[in-house]
Structure formats: C-alpha cells, structure tokens
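Here the structure comes first, spelled out in structure tokens, and everything after it is commentary.
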Amino acid sequence: MTSISPRLSRVALTLAWCALASLTQAATLKESASGKPGEQPKEAPSTLIVSDTLHYDDTKSESTFTGNVVMTRGLLTLNSDVLKMHEDKDGFQFGTATVDKGKRVFIRQDRPDTFEVLEGIGDRAEYDGKEEIFDLIGHAIVTRYICGDRFDTINGQKVRYHQKTDIYEAFAGPDAGTSGGRVRSVAQPRSKVDAAIAACKAKKTAN
C-alpha cells in the first residue's frame, strides 16, 4: 500500500496513472473484444486523474484519490473531493465520488457532434462498469445545454444514466430537493431542440 502527501503531487499524478492503468487494462480489453466481427475495435478513451493525495492498495486493486479531484475521461469531466475506484475479479471497474458537506459532485459531458453539454450535480456519484451505469445520488440535477442555452433539466433523489442505451432515469425520494421529494423534469419540444442544433451548426459553419 502507498500513501502520498500533497507535497508529492507530481509523483502522485504519475502513480495515479499507473494505478489507473492497472485498473483499466482488463476493462479496455473487454471493450475491444465486444465489437462486431470484421469491425475495427473501438479504442477506449484515455483517463487522467489529478488529486492532492493518492492511496493505492495493490492487493485489493483499490485506489483512493483525495483533495481537489479532477477526473477526465475522453469528453467527460468529474470533480469531487474523494474518488474511490476498484476492480472486481472479472476486470469490471466500480467507482464512488463524494464531496465535503455543503458541496456537490460535478460532472460535465461534452457532445460536440450535436453542440450539446450535459452537466450534473449530486451529493455523490457512483459508477458500475459491469452494467455501464452512472448514478448521481442526493439532490441530483442533470441539465442539458445546446449551444450554451439551457434546454432540459431533471431533478430527483437519484438520476441514472445507462451508457449502453443512452437512457436516463430519475427517482423520487426525501433527498430529491424538490417539493414532496418528487421527480421534476422540464423538457423542450423535440422540434425546438432540432432547430437549436441546426442553427448552432449553421453558425459554426459560417465562422
């Protein structure tokens, strides 16, 4: 086991990369092998985690990143105070991101092809690599922006995203942060969304 102080942040970053590489190797192989026959395997995006400290337990395949944690994986960014990651015996990854009291975990996903940005906040975030499910839990809010303008918002005790199907779910509960703990959703008509994307594309093309 390794414990690293804030003074060694650069070393921590290097070790973080090594630790993460050991955790992601099997998962990457699974992703590559899941393609259809004759198709070029899809390359998994690189992952970078920066933090003040890192504690890595090689025997348990567990990493704990603490202090101003910023995880970047492809076009996804996560900010938290603590990020704990581990890998099961089958090579699937699992993670939990938490923050100090009064703060929120922050997630941002860019979708440049459709000029969209998804932003989510919650008391904590959990990732299930086996089922490819991402949860924001506690006062969860997910907002979609198109060309910088807010379009859709979902509030709930838990908001779940299925990566395989690109489907969202929201669940009610006492920590939803809404009236009566109910799920609250504000969505724009599809025609308005399509028009906004088309206008943004035309503007970008003109520039």
Legend entry - Net length gained if the chain between Lys89 and Lys203 were fully extended (0.36 nm per residue, minus Cα distance): 36.1 nm
Inset, instruction - Read phi for every residue in segment 176-193 and hand back ³J(HN,Hα) as whole Hz from Karplus 6.51 cos²θ - 1.76 cosθ + 1.60, θ = phi - 60°, with x for Gly and Pro. - result: 6, x, 10, 4, x, x, 7, 5, 10, 10, 10, 10, 8, x, 4, 4, 5, 5
Legend entry - Inter-site label distance for Val70 and Thr178 at 7 Å from Cα along Cβ, in nm: 3.2 nm
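FYI, it's all coordinate maths here, none of it is from the lab. Since we're looking at a predicted model, the values are computed, not measured. Cβ atoms come from the backbone with ideal geometry, glycine included; neighbour counts cover every protein chain shown.
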